[in-house]
1. Which of the following residues is touching a residue at least 24 places away in the same chain (Cβ under 8 Å) and in contact with a Lys or Arg (Cβ under 8 Å, 6 or more places away or on another chain): 229, 267?
2. Can you run down the residue pairs with Cβ atoms below 6 Å, 6 or more apart or on separate chains, where the first is in segment 51-64 and at negative phi and the partner is open to solvent by 40 Å² or more (accessible area, probe 1.4 Å) and among the acidic types (Asp, Glu)?
3. I need a count of the residues in segment 168-177 that are surrounded by fewer than 19 Cβ atoms within 10 Å (Cβ to Cβ) and part of a loop (DSSP other than H, G, I, E, B).
4. Just checking, which of 220, 242, 206, 237 is small (Gly, Ala, Ser), open to solvent by less than 30 Å² (accessible area, probe 1.4 Å), farther than 24 Å from residue 32 by Cβ and touching a residue at least 40 places away in the same chain (Cβ under 8 Å)?
5. Does residue 171 qualify as being modelled with pLDDT under 95 and not β-branched (Val, Ile, Thr)?
6. Those residues that are under 16 Å from residue 79 (Cα atoms) and surrounded by fewer than 16 Cβ atoms within 10 Å (Cβ to Cβ), I need them from segment 1-46; list them, please.
7. Inside segment 113-127, can you point out the residues that are open to solvent by less than 10 Å² (accessible area, probe 1.4 Å) and free of Cβ contacts under 8 Å to residues at least 40 places away in the same chain?
8. Give 82, 97 a once-over and let me know the one that is at positive phi, out of contact with any Phe, Trp or Tyr (no Cβ under 6 Å at 6 or more places or on another chain) and either open to solvent by 40 Å² or more (accessible area, probe 1.4 Å) or not aromatic (Phe, Trp, Tyr) (or both).
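The values are calculated or read from the model by the stated rules, or taken from the named source; none is laboratory data. Predicted, not measured: the structure shown is a model, and the values here were computed from it. Using ideal geometry, Cβ is built from the backbone for each residue, glycine included, and neighbour counts are taken over all protein chains shown. All accessible areas refer to the heavy atoms of the entire protein, side chains included, with ligands and DNA or RNA removed. Shrake-Rupley method; radii C 1.70, N 1.55, O 1.52, S 1.80 Å.
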Amino acid sequence: MGPSLFLLTSLNLNGIRSATTKGLVPWLEQLRADCICVQEIKAQQADLTGRFEELAGMRGHFHLAQKKGYSGVGIYTRHEPGDLRIGFGSAEFDAEGRCVELRFDRPGRKFSVVSAYFPSGSSGPERQEAKYRFLAEFYPWLLALKAERDFVLCGDVNIAHQPIDLKNWKSNQKNSGFLPEERAWMTRLLSEGGLVDVYRRLQPEASDTCYTWWSNRGQAYANNVGWRLDYHLATPAMGALARREAIYKDQKFSDHAPISIEYDFTL
């Protein structure tokens with residue numbers, strides 16, 4: 001990927017301490033992204049201090065969960081942001097460390113990078129109901145942000161939108177991550193809400209190569225029985241600037257793969 005464009009990467013770490021023992025930092029040093037959005041840090045501030053405040057020459061900005069060993073998001077950046085926004089104003093979900101926004105304002109451009117981690121409902125009905133509450137709260141926040149400025153949200157959305165976004169779609173229609181209500185929320189966000197699924201703009205028909213998550217059960221990774229759960233969701237102006245995408249699978253840093261997209265602008 002070219003050095004003159006804005007390279008933005010997203011990765012669910014499944015624990016920052018675990019991911020950094022599996023070769024993540026050397027890969028980031030070689031990648032030289034402008035920003036990397038991370039999710040599921042699973043750490044407290046004391047765990048980050050002196051170890052993970054910077055990675056590969058990038059400074060981290062975090063929204064950590066109150067609960068130990070749970071959730072948490074961050075953005076590592078080479079560029080000094082003008083403003084940092086932690087959370088999205090949710091009494092319930094801001095305690096879970098699910099959203100952080102960096103604002104980079106330049107003459108003629110208001111631009112944000114957002115790292116978000118949507119809840120999973122796979123552990124049971126209570127968490128699925130929490131997921132629906134999150135979606136209901138997060139939708140108007142996204143639209144309000146879109147009305148104010150351009151942005152790219154990177155994150156683990158925990159929704160496979162269409163049948164081509166997961167291997168076994170027929171058998172997963174009643175499972176969290178591919179439920180009709182979740183898919184309808186994503187459809188509404190991209191149609192009425194006007195956001196762009198950037199990967200799908202660049203690769204509208206990719207199926208087996210689009211997956212970013214594989215279950216640890218059985219031989220899911222070896223057999224590529226995967227799901228596309230990790231997204232770049234952008235305002236139309238930013239989506240139009242997307243040039244190239246890459247899902248990195250040569251090394252396994254977590255149960256997710258990093259997804260990187262180049263945008264035709266510089267900060």
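1. Details: 229 fails: in contact with a Lys or Arg (Cβ under 8 Å, 6 or more places away or on another chain).
Being touching a residue at least 24 places away in the same chain (Cβ under 8 Å) and in contact with a Lys or Arg (Cβ under 8 Å, 6 or more places away or on another chain) holds for just one of 229, 267, which is 267.
2. From segment 51-64, the pairs are 60/53.
3. Quick first cut of segment 168-177, residues surrounded by fewer than 19 Cβ atoms within 10 Å (Cβ to Cβ) only: 168-175.
Still in the list and also part of a loop (DSSP other than H, G, I, E, B): 168-169, 173-175.
Looking only at that region, the number is 5.
4. On the way: 220 fails: touching a residue at least 40 places away in the same chain (Cβ under 8 Å); 242 fails: farther than 24 Å from residue 32 by Cβ; 237 fails: open to solvent by less than 30 Å² (accessible area, probe 1.4 Å).
From the options 220, 242, 206, 237, the qualifying one is 206.
5. Working: modelled with pLDDT under 95: no; not β-branched (Val, Ile, Thr): yes.
No, not satisfied.
6. Listed by number, the residues that qualify are 3, 4, 29, 32.
7. As a first pass, look at segment 113-127 and keep what is open to solvent by less than 10 Å² (accessible area, probe 1.4 Å): 113-116, 118-119, 121.
Answer for segment 113-127, where residues must be open to solvent by less than 10 Å² (accessible area, probe 1.4 Å) and free of Cβ contacts under 8 Å to residues at least 40 places away in the same chain: just 119.
8. Numbers: 82 fails: at positive phi.
It is 97.
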